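*Asks:* Dropping a structure here in structure tokens format, bear with me for questions.
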Amino acid sequence: MISKEHNQPGEGHKKHTALTRPAFGNFGRNEWAIVGAPCTVIKLLADQVINSLSPIYKCAYVDTTHNDDITLQPARLASGATLEYTDQVNYRQLNYKTEFNSFKLKETFAGADWVLVNGNHHQAKAQVVIIYENKRASLQKRLDQLTNVQMILLADNAVDVFDFIKETVPNWQDLPLYRLDETEKISTFFETQMQQAKPVLNGLVLAGGKSQRMGFDKGAVNWHGKEQRYHMADLMKPFCKDVFISCREDQQGDIGKGYQTLIDTFTGLGPYGAILSAFREKPDNAWLVVACDLPLLTEKTLDYLVSNRNSSSIATAYQSSFDDFPEPLITIWEPKSYPVLLSFLAQGYSCPRKVLINSDITLLNAPNPDELTNVNTPEDAEKVKLVLNQTIFTQ
């Protein structure tokens, strides 16, 4: 039973906190419904395109069982189970008995880079229209679903685009128009769309810690002629659209006016909360997250990380030369990592390294592992000071 909240007399309507919502469709950020052809044709086209792009991107497909298919529930579901998981060795299988609403669908498809949908049964925020003579009447009934047509395909029996499509899609002449058997061109279209959809990269300097082991603010230390938090922000600017200094609310007034700040809204979680706060602000952007206490870090190491970024993984990180685990605080976190981070938090974990270890990531070897040295104590600071002085002396 769902309870309803009622306002007390004299109170105005209470709204929920305004949050920036990710740009999802029905299943994910990038999705196309293929409409206008028999289901067998749609499935064949989907197979061809997925086969072409799956080495680069994580692809997903959505369809519905037809009446001529076997529709009996698997034994455990028929016996009353709500969920059945089977390790099929080459793949994993999940059978659900409960209904999937729009929220559950987005959660399930969160790891996919793009989704192809059988438009005869499901809708998506973008569409590919097939001109198939025998499906003319069926397509005409679906005109209200053609909200964002991005490509038109002519089947073997099609001579021209239907007049009602020309009327419904005003920009139809500007869209790619291919024959249905031009698989390479069709695959190239989707690959181009995915390249253009690569999330914008922002930078986040982690400077909101209390530096308890150091005894003074690590972000304010002057290693390179300016406070370290500013040095890191300036170092990251060539690689990012915008760079923000992550800080506590009480620190914001201390940050120079030439630098953007992003206040921790997931408090008490350290770097984990700072990363979540960044995604809460801009959930469709990727975040190059770098701790402020890396005084040896250079542009070369950042450039290598960004150049080898894999936006299909949830993150691109360096492997620690100390313990071989991923370094979470010099990492590119992709938008698809946001629900993963929240899921780990819901299970009682707030360690970004644990997320990386147990997720699909791209792991790199740093060009110079010494640059990943962080400074947490006065003893660490003295060692790094000697390295920096020696570097200056040898230049």
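*Asks:* Does the range 291-300 contain at least one residue that is within 20 Å of the chain's Cα centre (by Cα) and either modelled with pLDDT of 95 or more or farther than 18 Å from Ala110 by Cβ (or both)?
*Replies:* Within the range 291-300, none of the residues are within 20 Å of the chain's Cα centre (by Cα) and either modelled with pLDDT of 95 or more or farther than 18 Å from Ala110 by Cβ (or both).
*Asks:* For the range 64-77, indicate whether the set of residues that are touching a Lys or Arg at 6+ places or on another chain (Cβ under 8 Å), exposed (fewer than 13 other Cβ atoms within 10 Å of the Cβ) and not in a loop (DSSP other than H, G, I, E, B) is non-empty.
*Replies:* Looking through the range 64-77, none of the residues is touching a Lys or Arg at 6+ places or on another chain (Cβ under 8 Å), exposed (fewer than 13 other Cβ atoms within 10 Å of the Cβ) and not in a loop (DSSP other than H, G, I, E, B).
*Asks:* Hey, another quick one. Condition first: surrounded by 14 or more Cβ atoms within 10 Å (Cβ to Cβ) and over 28 Å from Pro199 (Cβ atoms). Now tell me which residues in the range 97-115 satisfy that.
*Replies:* Lys97
*Asks:* Oh, and also: Restrict the check to the range 12-27 and report whether at least one residue is touching a Phe, Trp or Tyr at 6+ places or on another chain (Cβ under 6 Å), surrounded by 16 or more Cβ atoms within 10 Å (Cβ to Cβ) and modelled with pLDDT of 95 or more.
*Replies:* Checked against the condition, which is being touching a Phe, Trp or Tyr at 6+ places or on another chain (Cβ under 6 Å), surrounded by 16 or more Cβ atoms within 10 Å (Cβ to Cβ) and modelled with pLDDT of 95 or more, the range 12-27 yields at least one hit.
*Asks:* Another question, if that's okay. Which one of these is farther than 30 Å from Leu288 by Cβ, assigned to a loop (DSSP other than H, G, I, E, B) and in contact with a Phe, Trp or Tyr (Cβ under 8 Å, 6 or more places away or on another chain): Ala124, Ala112?
*Replies:* None of the others qualify; the one that does is Ala124.
*Asks:* Right, another one. With more than 26 Å from the chain's Cα centre (by Cα), open to solvent by less than 40 Å² (accessible area, probe 1.4 Å) and either closer than 30 Å to Ser313 by Cβ or without any contact (Cβ under 8 Å) to a residue 24 or more places away in the chain (or both) as the only criterion, which of Ala33, Ala46, Ala81 stands out?
*Replies:* After applying the criteria, what remains is Ala81.
*Asks:* I need the full set of residues from the range 238-258 which are at pLDDT 95 or above, in a loop (DSSP other than H, G, I, E, B) and open to solvent by less than 80 Å² (accessible area, probe 1.4 Å), in order please.
*Replies:* Of everything in the range 238-258, those that are at pLDDT 95 or above, in a loop (DSSP other than H, G, I, E, B) and open to solvent by less than 80 Å² (accessible area, probe 1.4 Å) turn out to be Cys240, Asp242.
Residue-by-condition table, conditions (1) modelled with pLDDT under 95; (2) open to solvent by less than 30 Å² (accessible area, probe 1.4 Å):
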{"residue": "Thr331", "(1), (2)": "no, yes"}
{"residue": "Val340", "(1), (2)": "no, no"}
{"residue": "Ser343", "(1), (2)": "no, no"}
{"residue": "Gln347", "(1), (2)": "no, no"}
{"residue": "Arg353", "(1), (2)": "no, no"}
{"residue": "Asp360", "(1), (2)": "no, no"}
{"residue": "Leu364", "(1), (2)": "no, yes"}
{"residue": "Pro369", "(1), (2)": "yes, no"}
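*Asks:* Any residue at all in the range 87-96 that's touching a Lys or Arg at 6+ places or on another chain (Cβ under 9 Å), within 23 Å of Ala197 (Cα to Cα) and not hydroxyl-bearing (Ser, Thr, Tyr)?
*Replies:* No; the residues of the range 87-96 include none that is touching a Lys or Arg at 6+ places or on another chain (Cβ under 9 Å), within 23 Å of Ala197 (Cα to Cα) and not hydroxyl-bearing (Ser, Thr, Tyr).
*Asks:* All but one of (1) acidic (Asp, Glu); (2) within 29 Å of the chain's Cα centre (by Cα); (3) modelled with pLDDT under 95 hold for Asp217; state the number of the condition that does not hold.
*Replies:* Unmet for Asp217, out of (1) acidic (Asp, Glu); (2) within 29 Å of the chain's Cα centre (by Cα); (3) modelled with pLDDT under 95: (2).
*Asks:* Here is a follow-up. Answer yes or no: is there a residue in the range 273-289 that is free of Cβ contacts under 8 Å to residues at least 12 places away in the same chain and either surrounded by fewer than 20 Cβ atoms within 10 Å (Cβ to Cβ) or under 24 Å from Tyr57 (Cα atoms) (or both).
*Replies:* Looking through the range 273-289, none of the residues is free of Cβ contacts under 8 Å to residues at least 12 places away in the same chain and either surrounded by fewer than 20 Cβ atoms within 10 Å (Cβ to Cβ) or under 24 Å from Tyr57 (Cα atoms) (or both).
*Asks:* Of everything in the range 142-157, what is closer than 16 Å to Ile42 by Cβ, out of contact with any helix residue (DSSP H, G or I) (no Cβ under 6 Å at 6 or more places or on another chain) and not in a strand (DSSP E or B)? Give them in sequence order.
*Replies:* If the condition is that a residue be closer than 16 Å to Ile42 by Cβ, out of contact with any helix residue (DSSP H, G or I) (no Cβ under 6 Å at 6 or more places or on another chain) and not in a strand (DSSP E or B), then Arg142, Gln145, Ala155, Asp156 are the ones that fit.
The values are calculated or read from the model by the stated rules, or taken from the named source; none is laboratory data. These figures come from a predicted structure and were not determined experimentally. Neighbour counts run over all protein chains shown; Cβ positions are idealised from the backbone, glycine included. The accessibility values were calculated without ligands, DNA or RNA, using every heavy atom of the protein model including side chains. Shrake-Rupley method; radii C 1.70, N 1.55, O 1.52, S 1.80 Å.
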